[in-house]
Amino acid sequence: MVQDDAGRLFEVAEAERETAVGAGVAVAKKFRSYDQHQSFLLPPSLDDWLPDGHTARFVSEVVDDMLDLGAIYASYTNTTGAPPLDPRMVLKLVIYAYSTGVTSSREIERRCQVDVAFRWLSANTAPDYRSLSRFRRRHLAALDDLFAQVLVLCSNAGLVKLGRVALDGTKLDASASKHTAMSYGRLVTRIPQIEAEVAKLLAEAEAIDAAEDAEFGVDRRGDELPAELQTREGRLAKMREAKAAIEAEAAERAAEKAADKARNAGKDDDEIQAAGEAAAEAATPNPKAQRSFTDADARMMKTNHGFAYAYNAQAAADEFSQVIVASYVTQAAVDINQLPIMLERIDLALGAAGLGTPKRTLADAGYCSTNNIDTAADTGHDLLVATGRLKHHEQVPDAPRGRIPKNATSRERMARRLRTKAGRADYARRKAIIEPVFGQMKVKQNAGQLRLRGLAGAQGEFTLHALCHNLRKLANHTQPAAC
């Protein structure tokens, strides 16, 4: 009946349209056919739907033809169980996802269902987010090797010149909320309170068990812990772990400080060890020292949006195309102790890529110390580092002329060099080299928020971000029109 009515209405509309056309009256524009339920005569090909020059095609080509995945494949030694996902496919998904700012495993799974590029990379499958997350965590150690291989590709493409190299640090938010943490002073008072509450709940549970045994018999189960008790016991265990970690860190710092003091005083090895042990036993943690219950390795740091649990990520980039040549993640909020580590990692990364030492290494005042300047000179690095505000006894003329005084310190020599025309020209390039790298990674790749917890996870994930950053530079160089 409904179909008959619709047919009559259609016939009336067509008659009115023909009448209007015959009378010269303007009619509505005719549009192309639109049918969401249209079937394909032949099976569709995703390859036809992905444009040529797309970044996903570049990622797939690099993984298939340019990277050695032997370290990843070697980890699959167990032949039992269901066949795992092809590592090439998952690696392509992870690299492309991170390169486009998608860092959530759940979001990658969703994109494999609704995004053509993700569906093309996954061969029209939808790996579940657990498999993606496990793959990312499982192969953290292989990322250093993959980063070195990508650095070689960038070097072969002429993107690494090793003229000026600038290094700096940036804060990355950890996967931990500052609201799920507690200070040492609060832990000391809160742990006994929760212990008393747990003891009370256990006593109540035992009393209930005894009453039920008397009423229903001893065969009835009554050993299930109440939900409230389970929650409190779990939180109590985390609080105890946090308290122990803060105490251990305080003892370690006190021991190192006492050992250094004894060593500088000319003590022998036994006296140095005894001084360190005595200081460790007498160490008292700072009541304001905090630990996160969700990521114990993260530290409270000052970020662009206030204080939060974070990691300090270090990176060094080449001036020519801002390719990252070395990266490192630390728990320390300040940069001063990271310069020797970064210089070593620069040498290791460039050595593995068959490259030499940078002509000049630039760093800001946060890395300046006499020891760092001397270490750079000893390792063959031409370091140019801002000295910051000089001490009251240090004198450096505004326009240095003549010979450098023989008694000048390393810091004074560096300050004098920064005031020369060549020194000013070199150091002026520091910000333009390294700062855009962090900006591009945080905006394009969403690198400011880490997904993996723990120091090893943070290091691996930042290495992955650095790898993706270099691949984007390589893609833009080889495929200017890439999507």
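The values are calculated or read from the model by the stated rules, or taken from the named source; none is laboratory data. These figures come from a predicted structure and were not determined experimentally. Quick reminder, even Gly has a Cβ in these numbers, built from the backbone with ideal geometry, and neighbours come from all protein chains shown.
For this structure, a couple of remarks:
- Condition met for residue 334 (of a type in the set (A, V, I, L, M, F, W, C), within 27 Å of residue 149 (Cβ to Cβ) and either modelled with pLDDT of 90 or more or not in a helix (DSSP H, G or I) (or both)): no
- Within the stretch 419-445, being surrounded by fewer than 18 Cβ atoms within 10 Å (Cβ to Cβ) and either not small (Gly, Ala, Ser) or not assigned by TED's automatic domain parsing to the domain that holds residue 332 (or both) holds for 419, 420, 421, 424, 429, 431, 435, 436, 440, 442, 443, 444.
- Residue 301 in the same structural domain as residue 432 (by TED's automatic domain parsing) and part of a helix (DSSP H, G or I): no
- If the condition is being among the hydrophobic types (A, V, I, L, M, F, W, C), surrounded by fewer than 16 Cβ atoms within 10 Å (Cβ to Cβ) and touching a helix residue (DSSP H, G or I) at 6+ places or on another chain (Cβ under 9 Å), then the stretch 361-385 contributes only 377.
- Condition check for residue 471: in a helix (DSSP H, G or I), touching a residue at least 40 places away in the same chain (Cβ under 8 Å), of a type in the set (A, V, I, L, M) and in contact with a Cys (Cβ under 9 Å, 6 or more places away or on another chain): yes
- Residue in the stretch 85-105 that is farthest from the chain's Cα centre (by Cα), counting only those that are touching a residue at least 40 places away in the same chain (Cβ under 8 Å) and assigned to a loop (DSSP other than H, G, I, E, B): 85
- Every test in (1) part of a helix (DSSP H, G or I); (2) buried (at least 17 other Cβ atoms within 10 Å of the Cβ) is passed by residue 167 save one, and that test is (1).
- Pick from the stretch 17-60, criterion in a helix (DSSP H, G or I) and surrounded by fewer than 12 Cβ atoms within 10 Å (Cβ to Cβ), ranking: modelled with the lowest pLDDT: 21
- The one condition in (1) at pLDDT below 85; (2) within 24 Å of the chain's Cα centre (by Cα); (3) surrounded by fewer than 20 Cβ atoms within 10 Å (Cβ to Cβ) that residue 321 fails to fulfil: (1)
- Of everything in the stretch 106-134 that is of a type in the set (Ser, Thr, Tyr) and in a loop (DSSP other than H, G, I, E, B), the residue that is nearest to the chain's Cα centre (by Cα) is 122.
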